[in-house]
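Starting off with a structure, shown below.
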Amino acid sequence: MREFFHRKIERTAIGFVLAIIAAASVGGIVEIAPLFTIQETVEHAPNMRLYTPLELAGRNIYVREGCYACHSQMVRTLRDEVERYGQYSLAVESKYDHPMLWGSKRTGPDLARIGGKYSDYWHVAHLHNPREVTPESNMPAYRFLSRTPLETATLQSDLNAMRSIGVPYTQEMIDHAVKDAEAQATPDSENAANLLKRYGEKTQVSAFDGVTTQLTEMDALVAYLQVLGRLVELPAKQAASQPSERAP
Amino acid sequence: MIAQLTLNERTSALGLLILVALTGALMAVIGGDDPFAAHGVIIILFCAVIAAFVISGFDAPEPRIDRQDSYYDDPTKVGIGLSMAWAVFGMFMGVWVAAQLAWPDLAFDGAWSSFGRIRPTHTTGVIFGFGGNALIATSFHVVQRTSRVRLAGQISPWFVLLGYNLFCLLAVTGYFMGVTQSKEYAEPEWYADLWLVVVWVTYFVVFLRTLARRREPHIYVANWYFMAFIVVVAILHIVNNLAVPISFTQSKSYTIWPGVQDAMVQWWYGHNAVAFFLTAGFLGMLYYYLPKRAERPIFSYRLSILSFWGITFFYMWAGSHHLHYTALPHWVQNLGMTFSVMLLVPSWASAGNALLTLNGAWDKVRDDATLRFMMAAVVFYGLSTFEGSFMAIRPVNSLSHYTDWTVGHVHAGALGWVALITFGSLYTLVPALWKRPQMYSPALVEAHFWLAIAGTLIYVFAMWNSGIIQGLMWRTYTEEGSLAYSFVDTLVAMYPYYIARTVGGALFLLGAIIGSYNIWMTAKRPFMPAATDDVPQALSPAHARVPAE
């Protein structure tokens, strides 16, 4: 019976194509569509803040250099990972991530909670020459980041594009994108206060690469690394309880 | 090559090239100092090189009126050459990028040459450059023979092949300049993605029109797989690459998918690129060239049906096994695991069907390195699909994920299955295509076989060891209940294996270089009379070659 049916469909090219599309569509539809409709998929976090323009620029450098090929940003619900890296990652933490950078390989350690663990100075020294900080490291050196001025001309279009896909940047944020980026790397400036007003008091303003006269790609990347894991204030009770599965 | 086209077709080919080059010129002008402009220049150069070829043959005599009665193999021939060129490039980049893990200074302090930028040049070079060109070339060959009809269109097959290579070129040059979406195996930016959609739709139309004209009542199994490959890759590519560019004069874009949904879409794409690009397409090759070379019919028609629909249906559910223990909801992880395990049934049905086809031809497997390539490919296919189902089980995945075990698994499939079946198919196809009794040097085919096997085994064993060791070290506790090893401790343990994998990869690269030389020499040798009547049915109905079924 089945063979008879198959003998028939393999006589028509169009019919065969339609059968392929039908068979292949089910899995994706069943697994992807509900992720947008089931409310619990992404936790509720009213106090979550947005990436500042400088952090977003840093994130784009992280993408450009392919850092995700060796560093994950996803702490799994396993005891050893929670003890090594910190609380396991929640979906809401990457709510504003286009694209997500969860990664698939850890040639280096996970970075989901790297923000605030090391000083800016450590990051700059490490990116300059990882082997000076960790002699056994096999990470590439990123000296050129300090030499390269940050391209700020596109920041407004960056924020604008993000807003068009649902990230709630306000018009005010978009208008001040360039100033905000400069302000974040210039402590005690007048604009820095405005930046904090727009993105929250906890936004880190710092001379990231140690030089305030020029905004470099190093400033942006370090600003991004320092905000990883700190966009959301995780409720204390979640951090205390440990429903993490033990590794077998 | 050009002599196969009429004067009108030569003119329209030039017109098309000028159109594409003008688009490139526009990009170069509006792109300013963005890599977008550099890509515009690359497009112009690419069109100029092809236009030079067309013009050099422009005054050649026009083709015979009865060209419809012969197969159209020029695009396949060029496709084979491009495929091998990409193989050497992609594998060289692979060896280099592997060496950087052991000796990080091999990046020479450049931005373009750092690990993160050249790693995708390796993956794109081998998957899309080598694999994709081989698939286009062989699918054009197979669909004509199994349908007993000439390929539909004169320029469109060229457009598919060369347009696809332009996509690969934009992708790889983009990575060097830092143009990437960061989506693994879908790194090229929006304009390259749009271009690929145009090329791919043309590919679909060429393939479907050829099938529609077939002089065989049934569509042969190999074509089911090629069709699934073309159709589903189109769906995957379009959905995963939906993005908003920051402007139409710049390369940067943002994917429309946020966070957790992006992760699911990305691995739905990523895993099914494995399924429909690296499995279905190459199974299409297997179903034609293996029975052809072994001169045995496919063992079971029913098994073919079972495995085809099993693969088409089950694979699409399996992607979420890349996201075990992550922030992706549990129910999706469990579905992914379940279907990954079930996937073993159609996978082993395919492998078993292929091995049983060899029953009665095992003496040929022993004597003929070409057939042995395909046999070994099937064995690696069986092993790596088993390993894949195993690694998709949650507790196993908790150990293997994020480690080199995954890398080893991928290469067991990529080197052991995809590359070996491709080499076996090309060594079958090349002599037939250029009408030679055999390859230029059977001894070099033999040497290539053993280099490929040795390289694959060294690579895979190194990665099994490093992956399992690192996974275990990450979760080792001291008696006091604290973590026993720092991350750096586990990295130090990896170095010997990183060196071993570089050696394995270098052996595999050497084999590919030897293979390229052998194919080149076979094609270049002076013409010898054909051994078979390699023409469509209409010309010689009595002797037409009927594919094994």
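Quick check on A:G15: is it assigned to a helix (DSSP H, G or I) and either within 7 Å of chain B (Cβ to nearest Cβ) or aliphatic (A, V, I, L, M) (or both)? Reasoning before the result, please.
Values: assigned to a helix (DSSP H, G or I): yes; either within 7 Å of chain B (Cβ to nearest Cβ) or aliphatic (A, V, I, L, M) (or both): no.
No: the conditions fail for A:G15.
Report yes if some residue within segment B:250-268 is more than 8 Å from chain A (Cβ to nearest Cβ), under 28 Å from A:M100 (Cβ atoms), of a type outside the set (A, V, I, L, M, F, W, C) and touching a helix residue (DSSP H, G or I) at 6+ places or on another chain (Cβ under 9 Å); otherwise report no. If you could, list the steps in order and put the result at the bottom.
Of segment B:250-268, the ones more than 8 Å from chain A (Cβ to nearest Cβ) are B:251, B:267.
Subset that is under 28 Å from A:M100 (Cβ atoms): B:251, B:267.
Pick out the ones that are also of a type outside the set (A, V, I, L, M, F, W, C) and you get B:251.
From the residues that got through so far, the ones that are touching a helix residue (DSSP H, G or I) at 6+ places or on another chain (Cβ under 9 Å) too are B:251.
Looking through segment B:250-268, at least one residue is more than 8 Å from chain A (Cβ to nearest Cβ), under 28 Å from A:M100 (Cβ atoms), of a type outside the set (A, V, I, L, M, F, W, C) and touching a helix residue (DSSP H, G or I) at 6+ places or on another chain (Cβ under 9 Å).
Okay, moving on. Within segment A:128-139, which residues are within 12 Å of another protein chain (Cβ to nearest Cβ), free of Cβ contacts under 8 Å to residues at least 60 places away in the same chain and open to solvent by 20 Å² or more (accessible area, probe 1.4 Å)?
Keep residues of segment A:128-139 that are within 12 Å of another protein chain (Cβ to nearest Cβ), which gives A:128-131, A:133-139.
Next, only the ones that are free of Cβ contacts under 8 Å to residues at least 60 places away in the same chain stay: A:128-131, A:133-138.
Within segment A:128-139, A:H128, A:N129, A:R131, A:V133, A:T134, A:P135, A:E136 meet the criteria.
Then there is this: Using beta carbons and a limit of 7 Å, which pairs, at least six apart or on different chains, have the first residue in segment B:130-141 and crowded, with 24+ Cβ neighbours inside 10 Å and the second one not in a helix (DSSP H, G or I) and not β-branched (V, I, T)?
B:F140/B:L151; B:H141/B:D73
Also: If you go through segment B:231-276 one residue at a time, how many are in contact (Cβ under 8 Å) with a residue 60 or more places away in the chain and of a type in the set (A, V, I, L, M)?
Number satisfying all stated conditions: 7.
Right, another one. Looking only at segment B:384-402, decide whether some residue is outside any helix (DSSP H, G or I) and open to solvent by 30 Å² or more (accessible area, probe 1.4 Å). Step through it out loud before you land on a result.
Taking segment B:384-402 as the starting set, the residues that turn out to be outside any helix (DSSP H, G or I) are B:392-393, B:401-402.
Those left that are additionally open to solvent by 30 Å² or more (accessible area, probe 1.4 Å): B:393.
Among the residues of segment B:384-402, at least one is outside any helix (DSSP H, G or I) and open to solvent by 30 Å² or more (accessible area, probe 1.4 Å), which makes the answer yes.
Also, I was wondering about something else. Let me spell it out: the conditions are (1) over 27 Å from A:V30 (Cβ atoms); (2) open to solvent by 30 Å² or more (accessible area, probe 1.4 Å); (3) more than 12 Å from chain A (Cβ to nearest Cβ), and B:V274 meets all of them except one. Which number is the exception?
(1)
From the residues in segment A:86-96 that are assigned to a helix (DSSP H, G or I) and either open to solvent by 10 Å² or more (accessible area, probe 1.4 Å) or not β-branched (V, I, T) (or both), which one is farthest from the other protein chains (Cβ to nearest Cβ)? Don't jump to the end; show me each part of the working.
Filtering segment A:86-96 down to residues assigned to a helix (DSSP H, G or I) leaves A:91-94.
Subset that is either open to solvent by 10 Å² or more (accessible area, probe 1.4 Å) or not β-branched (V, I, T) (or both): A:91, A:93-94.
On the way: A:A91: 4, A:E93: 8, A:S94: 3 Å.
Filtering segment A:86-96 for residues that are assigned to a helix (DSSP H, G or I) and either open to solvent by 10 Å² or more (accessible area, probe 1.4 Å) or not β-branched (V, I, T) (or both), the one farthest from the other protein chains (Cβ to nearest Cβ) comes out as A:E93.
Out of segment B:75-100, which residues are over 16 Å from B:L420 (Cα atoms) and among the hydroxyl-bearing types (S, T, Y)?
Scanning segment B:75-100 gives a single hit, B:T76.
Kindly evaluate A:P109 against the criterion of being open to solvent by 10 Å² or more (accessible area, probe 1.4 Å), more than 7 Å from every other protein chain (Cβ to nearest Cβ) and more than 14 Å from the chain's Cα centre (by Cα). Full working, then the answer.
On the way: open to solvent by 10 Å² or more (accessible area, probe 1.4 Å): yes; more than 7 Å from every other protein chain (Cβ to nearest Cβ): no; more than 14 Å from the chain's Cα centre (by Cα): yes.
Considered against the rule, which asks whether it is open to solvent by 10 Å² or more (accessible area, probe 1.4 Å), more than 7 Å from every other protein chain (Cβ to nearest Cβ) and more than 14 Å from the chain's Cα centre (by Cα), A:P109 comes out as no.
Right, here's the next one. Sort through A:A177, A:A161, A:A125 and tell me the only one that's free of Cβ contacts under 8 Å to residues at least 12 places away in the same chain, of a type in the set (G, A, S) and crowded, with 16+ Cβ neighbours inside 10 Å. Show your work before the answer.
Working: A:A177 fails: free of Cβ contacts under 8 Å to residues at least 12 places away in the same chain; A:A125 fails: crowded, with 16+ Cβ neighbours inside 10 Å.
Checking each option against the conditions leaves just A:A161.
Would you list the helices (runs of 4 or more DSSP H) that sit entirely within segment B:406-505 and hold 3 or more residues that are at pLDDT 95 or above, of a type in the set (V, I, T) and surrounded by fewer than 18 Cβ atoms within 10 Å (Cβ to Cβ)?
Details: elements: B:420-433, B:442-474, B:487-492.
Per the criteria, no element qualifies.
Hey, another quick one. Any idea which of (1) out of contact with any strand residue (DSSP E or B) (no Cβ under 9 Å at 6 or more places or on another chain); (2) touching a residue at least 12 places away in the same chain (Cβ under 8 Å); (3) of a type outside the set (A, V, I, L, M, F, W, C); (4) part of a loop (DSSP other than H, G, I, E, B) is the one A:G103 doesn't satisfy?
Only one criterion in (1) out of contact with any strand residue (DSSP E or B) (no Cβ under 9 Å at 6 or more places or on another chain); (2) touching a residue at least 12 places away in the same chain (Cβ under 8 Å); (3) of a type outside the set (A, V, I, L, M, F, W, C); (4) part of a loop (DSSP other than H, G, I, E, B) is unmet by A:G103, namely (1).
Give just the number: which of (1) of a type in the set (V, I, T); (2) more than 14 Å from chain A (Cβ to nearest Cβ); (3) crowded, with 19+ Cβ neighbours inside 10 Å; (4) closer than 16 Å to B:Y164 by Cα does B:V95 not satisfy?
Only one criterion is unmet by B:V95, namely (4).
Condition first: buried (at least 24 other Cβ atoms within 10 Å of the Cβ), at the interface with chain A (Cβ under 7 Å from one of its Cβ atoms) and more than 18 Å from A:I20 (Cβ to Cβ). Now tell me which residues in segment B:308-325 satisfy that.
B:S320, B:H322
Still on this structure, I have one more. With the requirement that a residue be open to solvent by less than 20 Å² (accessible area, probe 1.4 Å) and either of a type in the set (G, A, S) or closer than 30 Å to B:S114 by Cα (or both), what does segment B:154-176 give you?
Result: B:G163, B:Y164, B:N165, B:L166, B:F167, B:C168, B:L170, B:A171, B:V172, B:G174, B:Y175.
Test each condition in (1) part of a helix (DSSP H, G or I); (2) closer than 23 Å to B:I219 by Cβ for B:I80 and report the one that comes out false.
Evaluating B:I80 over (1) part of a helix (DSSP H, G or I); (2) closer than 23 Å to B:I219 by Cβ leaves (2) as the failure.
Taking segment A:146-184, which residues are part of a loop (DSSP other than H, G, I, E, B), under 16 Å from A:N60 (Cβ atoms) and not hydroxyl-bearing (S, T, Y)?
Let us first name the residues in segment A:146-184 that are part of a loop (DSSP other than H, G, I, E, B), namely A:148, A:150-154, A:165-170, A:176.
Cutting the leftovers down to under 16 Å from A:N60 (Cβ atoms) gives us A:148, A:150-154, A:165, A:167, A:169.
If the condition is that a residue be part of a loop (DSSP other than H, G, I, E, B), under 16 Å from A:N60 (Cβ atoms) and not hydroxyl-bearing (S, T, Y), then A:L150, A:E151, A:A153, A:I165, A:V167 are the ones that fit.
With on the phi < 0 side of the Ramachandran plot and surrounded by fewer than 18 Cβ atoms within 10 Å (Cβ to Cβ) as the only criterion, which of A:P99, A:P53, A:P46 stands out?
Working: A:P99 fails: surrounded by fewer than 18 Cβ atoms within 10 Å (Cβ to Cβ); A:P53 fails: surrounded by fewer than 18 Cβ atoms within 10 Å (Cβ to Cβ).
Just a single option satisfies the conditions, and that option is A:P46.
Now for a separate question. Can you tell me which of (1) of a type in the set (G, A, S); (2) farther than 26 Å from B:W112 by Cβ; (3) more than 10 Å from every other protein chain (Cβ to nearest Cβ) is the one B:A212 doesn't meet?
In the conditions (1) of a type in the set (G, A, S); (2) farther than 26 Å from B:W112 by Cβ; (3) more than 10 Å from every other protein chain (Cβ to nearest Cβ), B:A212 misses (3) alone.
The values are calculated or read from the model by the stated rules, or taken from the named source; none is laboratory data. Keep in mind it's a predicted model, so treat the numbers as computed, not measured. Cβ sites come from the backbone with ideal geometry, for glycine too, and all protein chains shown count toward neighbours. Remember, those area values only see protein heavy atoms, side chains included, never the ligands or the DNA or RNA. Shrake-Rupley method; radii C 1.70, N 1.55, O 1.52, S 1.80 Å.
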